[in-house]
There are 2 protein chains.
Amino acid sequence: MSLDRQQKRTTIYDLAELAGTSASAVSAVLNGNWKKRRISKQLAEKITRIAEEQGYALNMQASLLRREKSHIIGMIVPKYDNRYFGSIVELFETMARDKGLFPLITCTRRDPALEIEAARTMLSYQVDCVIATGATDPDRITELCAAAGVRTINLDLPGKLAPSVISDNFAGARELTRRILVSCHQRFGAMEPLMFVGGRGGDHNTMERLRGFRQAHADHGIDLEDDRVIACGYAPEKAQSALQERAASGLPFSRGMFVNSTITLEGVLRWLRLAGPVSEQEFALGCFDYDPLVALLGDNIEMVRQDVPAMLTRMFELIEHGSFEPTVSEIPPLLR
Amino acid sequence: MSLDRQQKRTTIYDLAELAGTSASAVSAVLNGNWKKRRISKQLAEKITRIAEEQGYALNMQASLLRREKSHIIGMIVPKYDNRYFGSIVELFETMARDKGLFPLITCTRRDPALEIEAARTMLSYQVDCVIATGATDPDRITELCAAAGVRTINLDLPGKLAPSVISDNFAGARELTRRILVSCHQRFGAMEPLMFVGGRGGDHNTMERLRGFRQAHADHGIDLEDDRVIACGYAPEKAQSALQERAASGLPFSRGMFVNSTITLEGVLRWLRLAGPVSEQEFALGCFDYDPLVALLGDNIEMVRQDVPAMLTRMFELIEHGSFEPTVSEIPPLLR
DNA sequence: AAATCTTGCTTCATCGATTGAGCAAGTGCG
DNA sequence: CGCACTTGCTCAATCGATGAAGCAAGATTT
């Protein structure tokens, strides 16, 4: 590693010397409370000018060491490979900056060990708050942070120890399922039970979506056997091979499918292309998540879009109001 | 903002007191060079145990203030809304961590002012190195960082003042164009000139891709008028309305199109759906960038996938070898 | 026995910014 | 003139971790 820095950086002491004043005055001027510290306007202007000329940059480490709050807000995300998490991160950065906070983001690739490691690192960087997004074990993160006096908020997947902001998975799934059923009925005449593909049996979102999925079937008086549910994880390859296996098993296959994410949808579509029992047009699909490219895949795919702006707005509200109780805010997703 | 931290955190002084030793010994033990500092194994173990019991977390700010290198490596990215940048960020984080560096990532939404602001902030955080990815003005960033003695590397888009790692846009575009032309020929019989949609006329990548696009036409002895090039930016809406306008203008329309990114492709496909002169199947499309969902859109879309692992590997090589000369490394993209 | 070396620590200055306390000069008032 | 008050600054301690220098006690050499 050669990331060598040659010259040493300009400090407030250098500026003080150049301006013929004290470091204390320079600090007061540059961090904006020179009025409170009774520094004259002339000196303030002089210091500001010299700082600009010298290309002075504050040493955050030194500044943060002295201050009690860092105004750093950490976010742990599982992946950057889909529009949902991408927009969460992008909007989070923007909103955090607008509120005067510094966003620090880490991607853990759904690796539980990395999640904990990431939380620990964030604590070292003195974050004021950690947002655990889609974490496999949010409560572990909360415990770790609580021990350091740092609060956490869960996003996308809820935890039991900190406030959570998630989509209303039940309602979204119920409505999505209803639409797929209706589409199946209109296009194929039959009202047969759908299949549910993707997600992890243990995770809260998958369970809630499954509940909505079952409810929609019940709403239409359709019997649903347990073997129609294939919670094979989110990865495309997993979905593809699970469908392959399922097809080989000889169990009945539905022409309507509820797919748990756009990532899983990739696997489902690939399987349909390569080995699907009938043409792709003979399927009615629904996807819990939105991607504009999926919208272009054809009219036979319904989508539910999670309301990222509303979720983040709620999240920052929780931060601002200092809520610590493990409440769950369910944000209605957008259909169409 | 209430991000209040209640208790104050455990420091090495607290641990020293508990262990009946000095802060210096605690520091030496916890940062791993206790052997060099001749601390006994017993004391080392005692300190380690107490640190764990107390859930001690290093104060990075204090540590970094004292050290000369921060081992923080910054990356500036324009967007998180596509697979290309998503995989760059994800792999960058992984590789940086493997090399013992701490990745600090900031998204600037292609806003030139934010880019500069982001670079400045990174300097405040004492980064050892900044990677400017797809920056609108990479040289400005390099200048700013150089003034603070911080090196930069340009990724995706080259600059004149620092080493750059980019795709071989010319070769990639030439081959992609060739394939679209062949596909057009096979499917529609004709060898007509293609259209080029998306990108910004000024940016290096667009210019190089255009050069490859023109070269491929020349290779096949096809005349290409300038009005077939629509460099309307990357946004889908821009592409959609530009195509709309172009169709209205009465100028000749090609059945083959070279689209400059998956994001732009969204707009192209939307326009084809809504207002395309003939069915989508009557078009041969090529896209400079890869998205697995696009691969599912049909067989009539060729794609070029930029070789992100090779690009990042090269980038870290440049860092390790301490190269400062503004060389340009062109990484061949992957076709299929 | 004296000189030297080794072991295992501690002491203290330092990194750069922040902030309470303090101080000198000037202003206002009776 | 003397006292209080304001203005405009400087001084010095501090945040937590680090590491060069130093020191005491025991081990080894001459």
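The values are calculated or read from the model by the stated rules, or taken from the named source; none is laboratory data. These numbers come from a predicted model, not from an experiment. We place every Cβ from the backbone using ideal geometry, glycine too, and count neighbours over all the protein chains shown.
Table for the structure above
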quantity	calculated
Per-region count, segment B:50-64, residues more than 8 Å from every other protein chain (Cβ to nearest Cβ) and of a type in the set (A, V, I, L, M, F, W, C)	2
Segment A:234-245, subset surrounded by fewer than 19 Cβ atoms within 10 Å (Cβ to Cβ) and not acidic (Asp, Glu), residue farthest from the chain's Cα centre (by Cα)	A:244
Pair list, Cβ under 9 Å, 6 or more apart: segment B:140-167 residue under 20 Å from residue B:329 (Cα atoms), other residue in a loop (DSSP other than H, G, I, E, B) and among the β-branched types (Val, Ile, Thr)	B:157/B:136; B:163/B:327; B:164/B:327
Top-ranked residue of segment A:41-85 - restricted to ones that are away from DNA strand D (no atom under 16 Å from the Cβ), at pLDDT 95 or above and among the small types (Gly, Ala, Ser), ranked as farthest from residue B:145 (Cα to Cα)	A:74
Only listed residue being out of contact with any Asp or Glu (no Cβ under 9 Å at 6 or more places or on another chain), among the aliphatic types (A, V, I, L, M) and crowded, with 23+ Cβ neighbours inside 10 Å, chosen from B:155, B:176, B:144	B:155
Which listed residue is over 25 Å from residue A:93 (Cβ atoms) and at pLDDT 95 or above, from B:175, B:115	B:175
Residue in segment A:86-93 that is out of contact with any Asp or Glu (no Cβ under 9 Å at 6 or more places or on another chain) and within 12 Å of DNA strand D (Cβ to nearest atom) present	no
Pairs with Cβ under 8 Å, 6+ apart, first in segment A:93-115 and closer than 16 Å to residue A:128 by Cβ and more than 9 Å from chain B (Cβ to nearest Cβ), second of a type in the set (A, V, I, L, M) and surrounded by fewer than 22 Cβ atoms within 10 Å (Cβ to Cβ)	A:95/A:312
Residue count, segment A:230-278 (criterion: touching a residue at least 24 places away in the same chain (Cβ under 8 Å), farther than 15 Å from residue A:192 by Cβ and not in a helix (DSSP H, G or I))	9
Selected residue (only one of A:88, A:141 is at pLDDT 95 or above and either among the aromatic types (Phe, Trp, Tyr) or under 30 Å from residue B:294 (Cα atoms) (or both))	A:88
When residues of segment A:126-151 are limited to those that are of a type in the set (Val, Ile, Thr) and closer than 15 Å to residue A:70 by Cα, the one nearest to the other protein chains (Cβ to nearest Cβ)	A:150
One residue from A:209, A:174 being assigned to a helix (DSSP H, G or I) and in contact (Cβ under 8 Å) with a residue 60 or more places away in the chain	A:209
Condition met for residue A:141 (within 16 Å of the chain's Cα centre (by Cα) and either assigned to a helix (DSSP H, G or I) or under 22 Å from residue B:8 (Cβ atoms) (or both))	yes
Selection status of residue B:123, of a type in the set (A, V, I, L, M), facing chain A (nearest Cβ under 10 Å) and either touching a Cys at 6+ places or on another chain (Cβ under 9 Å) or in a helix (DSSP H, G or I) (or both)	yes
